[in-house]
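Enquirer: Can you keep this structure in mind? I'll have questions shortly.
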Amino acid sequence: MVESDLLGGTCVNRGCVPKKILWSAGNLARSIHLASRQCIASATAIDFPALIAKRDEHIGAIRESLEQSLDDAGVTLCRGEATLLDAHTVGVASRSYTADNVVLATGGKPTPLDIEGANLLSDSRDVLSWTSLPRRVVIAGGGYIGCEFAAIFNALGVDTTLVHDGPFVLDTFPEGMARHVQAGLLASGITVLTDDGLRCVAENGRFLEYSLTSGESGHADVVVAAVGRSPNVEQLGSFADSIERSQSGALSITDQFETSCAGVYAIGDVADRLPLTPVATADGATLAHILHGEGVKGQREADQSRQDSGSPDDSVASECARDPRTMPIDLKLVATTAFTYPPASFVGTVSDDPDESKRAGEVTPLSQNVLAPQQHYKPAFYRLGFNPETAELTGAQLVCESAPDLIAMAAAMVAARTQASTFSTATAIHPSFAEEFFSEARQSS
């Protein structure tokens, strides 16, 4: 394994892990603040430097654990920048390594924003290295990264503005759900500017002056670009330029993760798959079985035997005989979550066709009016989709405190083609959010 940076990649060091720790701290601060408005708690600020020190200590321990795991497994860890010299050779500094197969797992990086003053912008890597909080922040980009940062820093007391170039934030999420989340961001005090974007940024003393495409302008301590991520391909060298790429710039791969160059495979954010940590983890395990598992060796032998004997290729039988560990996960069953307050999760499909069976609603949490003041909107949301002919669950959209956990169960139910009538055979805890959509699902049976 060749690694030029910190073990664990983006997720461990500059993504999921540090951000979710900040999200948890923001959730705590938010709860205390709301309870203080109800006069049942004292408002206390989070000690941000202490939080960051604790967080970084925890992440350092994760890296040490990863290095120990590699060592225990007998993996040689080579520190340095890798260059792909040919399909079977990788160069690192003055040394070269040859192998039958090369796996590219170089991840991705924040996409830069091409505007005047771009050098003054921060990105997600910068944000997650902060040891103190700014008083005012502007975030350009209303995808899940921008929305999560906006929610977190608003909860931690930062004056936050979110600028997005589309009509509503989270525009890769289902629209009704995304608009519900946007209403929650606005209700929490975040300034959300849609159909707008950053035009330029300039220094002005201790502040940054920014101008928007709409003509509006303002100042902030920090301006963050959160307009997406791009695969890390350029540093692999000129040979990698010959490998086919998708429209996104990621490496095109087969259903066995092989690139257009035989013997070179790609997984994670550098490959043309969903750029999510659980997908990368699953794909890495699957590729290991493809290249070295006993099941795939047996399958190859069976395929070769069939070819040698002149037997017709039975693709159905071939798929049935194949070791399931060598089958890539179905991306349609991968759940997605934006960690706002509350989190927003979805999986599968819920049709917008009014003739198709679906259930939707908004829920007021039991604690509202007790631990938090009355709000003009109901923060929890659900939407379930069913096949009108078979009554099978096709998808779920959830915005609630337990959404990241519940959506995994929903994904399993979609995969199992669970019928609406199944909801009648089980009961949810009372009082709970799950009880609401269990009740709605029963009505669809």
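The numbers here are math on the coordinates, done by the rules we state, and not lab data. What you see is a predicted model, and the numbers here were worked out from it, not measured in a lab. A quick note on method: Cβ atoms are made from the backbone with ideal geometry, for glycine too, and the neighbour counts reach across all protein chains shown.
Enquirer: Order the peptides 211-220, 269-278 from the highest to the lowest mean number of other Cβ atoms within 10 Å of their residues.
Expert: With the highest mean Cβ count within 10 Å placed first, the list reads 269-278, 211-220.
Enquirer: Starting with the fewest neighbours, write out 78, 11 ranked by other beta-carbon atoms found within 10 Å of each beta-carbon.
Expert: 78, 11
Enquirer: So what's Rg/Rh here for the stretch 112-227, counting alpha carbon atoms and using the Kirkwood radius for Rh?
Expert: When Rh is taken as the Kirkwood radius, the ratio is 0.94.
Enquirer: Less than 30 Å apart at the alpha-carbon level, and either on another chain or at least 8 residues along: which lysines does that give for residue 358?
Expert: Cross-link targets: 332, 378.
Enquirer: Moving on. Go through 347, 422, 432 and say which Cα lies farthest out towards the positive end of the charge dipole of the stretch 342-443; charges sit on Cβ, +1 for Lys and Arg, -1 for Asp and Glu.
Expert: Of the options given, the answer is 432.
Enquirer: Related question: Please compare each pair in 54/109; 20/54; 19/54 to a cut-off of 19 Å on the Cα-Cα distance and tell me which ones are over it.
Expert: On the way: 54/109 25 Å; 20/54 13 Å; 19/54 13 Å.
Table pairs above 19 Å Cα-Cα are 54/109.
Enquirer: Considering the dipole of the chain built from charges on the beta carbon (Lys and Arg +1, Asp and Glu -1) around the Cα centre, which of 104, 227, 93 is farthest to its positive end?
Expert: So the residue we want is 227.
Enquirer: How large is Rg over Rh for the stretch 148-283, taking Rg from the Cα atoms and Rh as the Kirkwood inverse mean of 1/r across Cα pairs?
Expert: Here the Rg-to-Rh quotient is 1.08.
Enquirer: Taking the mean number of other Cβ atoms within 10 Å as a proxy for protection, how do you rank 60-68, 23-31 from highest to lowest?
Expert: Sorting 60-68, 23-31 by mean packing, highest first, produces 23-31, 60-68.
Enquirer: For a footprinting-style exposure proxy, rank 149, 423 by other Cβ within 10 Å, fewest first.
Expert: Lowest count first: 423, 149.
Enquirer: What does the highest-first list of 81-92, 393-404 look like by mean Cβ count within 10 Å?
Expert: Working: 81-92: 17.6, 393-404: 23.2.
Taking the mean over residues of other Cβ atoms within 10 Å, the ranking is 393-404, 81-92.
Enquirer: For the stretch 112-227, what is the percent of antiparallel DSSP beta bridges, rounded to the nearest 5?
Expert: 40 percent
Enquirer: Let me ask another. With a length cut of 20 Å (Cα positions projected on each helix's long axis) and a Kyte-Doolittle mean of at least 0.5, go through the chain and give me the DSSP H helices that pass. Walk me through the numbers on the way to the answer.
Expert: Working: long enough: 16-37 (31 Å, 0.17); 48-72 (36 Å, -0.44); 277-292 (22 Å, 0.59); 294-309 (23 Å, -2.11).
The answer, listed by residue number, is 277-292.
Enquirer: Can you give the percent of C-alpha pairs in the stretch 361-445 whose distance is more than 23 Å? Walk me through the numbers before you get to the answer.
Expert: Details: 817 of 3570 pairs.
In whole percent, the share of Cα-Cα pairs in the stretch 361-445 beyond 23 Å is 23.
Enquirer: A further question follows. Given the options 193, 183, 113, identify the residue whose Cα lies farthest towards the positive end of the charge dipole of the stretch 112-227 (+1 on Cβ of Lys, Arg; -1 on Cβ of Asp, Glu).
Expert: Looking along the dipole axis, the top candidate is 183.
Enquirer: What is the dipole size for the chain, taken about its Cα centre, with +1 at each Lys and Arg Cβ and -1 at each Asp and Glu Cβ, in debye to the nearest 20?
Expert: Roughly 1380 debye for the chain.
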